[in-house]
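Presented below is the structure to which this report refers.
The values are calculated or read from the model by the stated rules, or taken from the named source; none is laboratory data. Being a predicted model, the structure only gives us computed values, none of them experimental. Every residue, glycine among them, receives a Cβ derived from its backbone with ideal geometry; neighbour counts consider all protein chains shown. Ligands, DNA and RNA are stripped out before the accessible areas are found, and what is left, the full protein with its side chains, is counted by its heavy atoms. Shrake-Rupley method; radii C 1.70, N 1.55, O 1.52, S 1.80 Å.
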Amino acid sequence: MGIGRMVYAGIKMPLEGEAAATLVQLSGNRSGKRYRLGSLVNTVGRHPSSDVALDGDDARVVSTRHAEIRADGGAFHLHDLDSTNGTFVNNERVTIARLRNGDRVRFGASGPEFEFSAAEEVVALDRTMVVPAARVTRPDTGGDTLLTNAVKRARRLRRAGQHGQTTVIMRAMLARAVRRSARGHRRIIAVLTLALIAVSAYSYWRFQQLRTEKSSLDREIEAIEARLEKGGQSPGEIEALLARLTDYEARARGVQDSMFYKLGPEARQTPFIEREIRTLLEEFGADSYSIPPQFVEEVEKYIKHYQTVDRGVIKPVVDKYAKQFGVMQDIFRGQNLPPDLAYMVLIESNFVSRRVSSQGAAGLWQFTPETARSYGLRVNRNVDERYDLRKSTHAAGKFLRDLILDFGAGSSVMLALAAYNVGPSAVRQAVRRVEDPIKQRNFWYLYRVRALPLETRQYVPKIFAAIIIGRNLERFGF
């Protein structure tokens, strides 16, 4: 039988490399855009190399590598890649789901929505009962066609940055050749086998090479971080150390982003808490290759603290105030803020609505009278809206938005969190003291050189600790 277009039970089988399904975006600034699903594995996420690469305001809740849509078993299956904000099919959160014509798919609870359209069912490569619709007019060119198709497809995917699919394609072509078992395919079976061995050997060698390079760079980064944490350097020495740190980080990130390194086992060995910190930083737009070890240690310390000594800070939100806290998250979500920033309220007031500080800050969000009035809250002898959950949360969201916009791109969310604690003027003064306004105008620089007060250096890790616990209640015993 030739390998032209065939029909299985009256359904056309797409030719090699032809798109069998489409995602049509229904929301956001790219509404109407069509994404063709033409590979065995189609990646979805915010990473530019993804097959379905998402960006824009509505994609902020989408993980870098959010999901995969795989053609297998005669259908398309959606696989969530342990994303932070989940994957939904017809408004139901899923881990793995078969996609059918007309299904609505959303990446993240408030993320971009798509319609899945399958013009024709996919026929798996391992079908054995294939019935021709009519005599195939294109002649079978034998094993050379199988090899040609495999090589063309591998090259096409490499140009698109999907180097990891080569082995999958070779295996699929080899399986087809073996099943056909004709005498004329013995040569192609041998060639594909050798190609598979060669690809696997090169991948292993390249990964080992990259692992060695990354280990060396990581040791240099750790040594610089340790020196910075110890302190005692002159301003000139600090600048030299930070310049070296920036260089090593850029080189190490290049290794880490290599496809061969991502395929290796070590890419998944980051400790859980550090992995959660990195996920948050990615969502906040403050991703950094090297996180100061002291920051990670502080987050771990406060997680243990909230599990034991201050367990009463987290427990009431879980048991008693879950509904009110959900309202706060909804308000932040409506203001296009990360909803989990609502956990700041635990650090501000322990969710005690009538709490008043020695400086006169009051309510769940600890507003001073002046700041409260500037954000539309009434504070007088008769009314104090700082104690109103909805109104004060709306005001807190507006304040955070202004702080984020005030401090610009990059690590602006981190600087905004610091400013909420110590005040925007203090953070502005710290920023204006830096020598390089481009490279040093970020939270991590100020954190490393201790330009922020100790209370603020502890405040931000506390927020991270509360969010990580809130996202993993069972893991931490709540």
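Restricting attention to the stretch 439-468, and to residues there that are open to solvent by 10 Å² or more (accessible area, probe 1.4 Å) and touching a Ser or Thr at 6+ places or on another chain (Cβ under 8 Å), which single residue is farthest from Glu276 (Cα to Cα)?
Lys439
Could you tell me whether the stretch 332-345 includes any residue that is in contact with a His (Cβ under 7 Å, 6 or more places away or on another chain), aliphatic (A, V, I, L, M), in contact (Cβ under 8 Å) with a residue 12 or more places away in the chain and not in a loop (DSSP other than H, G, I, E, B)?
Residues of the stretch 332-345 that are in contact with a His (Cβ under 7 Å, 6 or more places away or on another chain), as a first pass: none.
No, the stretch 332-345 has no match at all.
Quick test of your reading of the structure: Thr308 fulfils all but one of (1) open to solvent by less than 60 Å² (accessible area, probe 1.4 Å); (2) out of contact with any Gly (no Cβ under 9 Å at 6 or more places or on another chain); (3) hydroxyl-bearing (Ser, Thr, Tyr). Name the failing condition by number.
Every condition holds for Thr308 apart from (1).
Pairs only if they're at least six apart or on different chains, beta carbon under 6 angstrom, first in the stretch 438-464 and closer than 20 Å to Gly231 by Cα and among the polar types (S, T, N, Q), second at pLDDT 85 or above and open to solvent by less than 10 Å² (accessible area, probe 1.4 Å); list them, first residue then second.
Thr456/Ala418
Would you confirm whether any residue within the stretch 365-381 is surrounded by fewer than 22 Cβ atoms within 10 Å (Cβ to Cβ), assigned to a helix (DSSP H, G or I) and aromatic (Phe, Trp, Tyr)?
Within the stretch 365-381, the subset surrounded by fewer than 22 Cβ atoms within 10 Å (Cβ to Cβ) is 368-371, 373-376, 378-381.
Checking the rest, the ones that are also assigned to a helix (DSSP H, G or I) come to 369-371, 373-374.
Narrowing further to those that are aromatic (Phe, Trp, Tyr): none.
Within the stretch 365-381, none of the residues are surrounded by fewer than 22 Cβ atoms within 10 Å (Cβ to Cβ), assigned to a helix (DSSP H, G or I) and aromatic (Phe, Trp, Tyr).
Could you please find all residues in the stretch 382-420 being part of a helix (DSSP H, G or I) and aromatic (Phe, Trp, Tyr)? Even if it seems obvious, please write down each step before you answer.
The initial filter retains those residues of the stretch 382-420 that are part of a helix (DSSP H, G or I), namely 385-387, 389-406, 412-420.
Answer for the stretch 382-420, where residues must be part of a helix (DSSP H, G or I) and aromatic (Phe, Trp, Tyr): Tyr387, Phe399, Tyr420.
For the stretch 380-397, indicate whether the set of residues that are in contact with a Leu (Cβ under 8 Å, 6 or more places away or on another chain), polar (S, T, N, Q) and at pLDDT below 90 is non-empty.
Taking every residue of the stretch 380-397 in turn, none turns out to be in contact with a Leu (Cβ under 8 Å, 6 or more places away or on another chain), polar (S, T, N, Q) and at pLDDT below 90.
Six or more apart or on different chains, Cβ atoms under 9 Å: show the pairs whose first residue is in the stretch 55-82 and on the phi > 0 side of the Ramachandran plot and whose second is open to solvent by 30 Å² or more (accessible area, probe 1.4 Å) and outside any strand (DSSP E or B).
From residues that are on the phi > 0 side of the Ramachandran plot, the pairs are Gly56/Gly28; Gly56/Asn29; Gly56/Arg30; Gly73/Asp126; Gly74/Glu121; Gly74/Arg127; Asp82/Thr95.
Among all residue pairs at least 6 apart or on different chains, which show Cβ distances below 7 Å where the first residue, located in the stretch 224-236, is modelled with pLDDT of 80 or more and the second is open to solvent by 60 Å² or more (accessible area, probe 1.4 Å)?
What qualifies is Ile224/Arg244.
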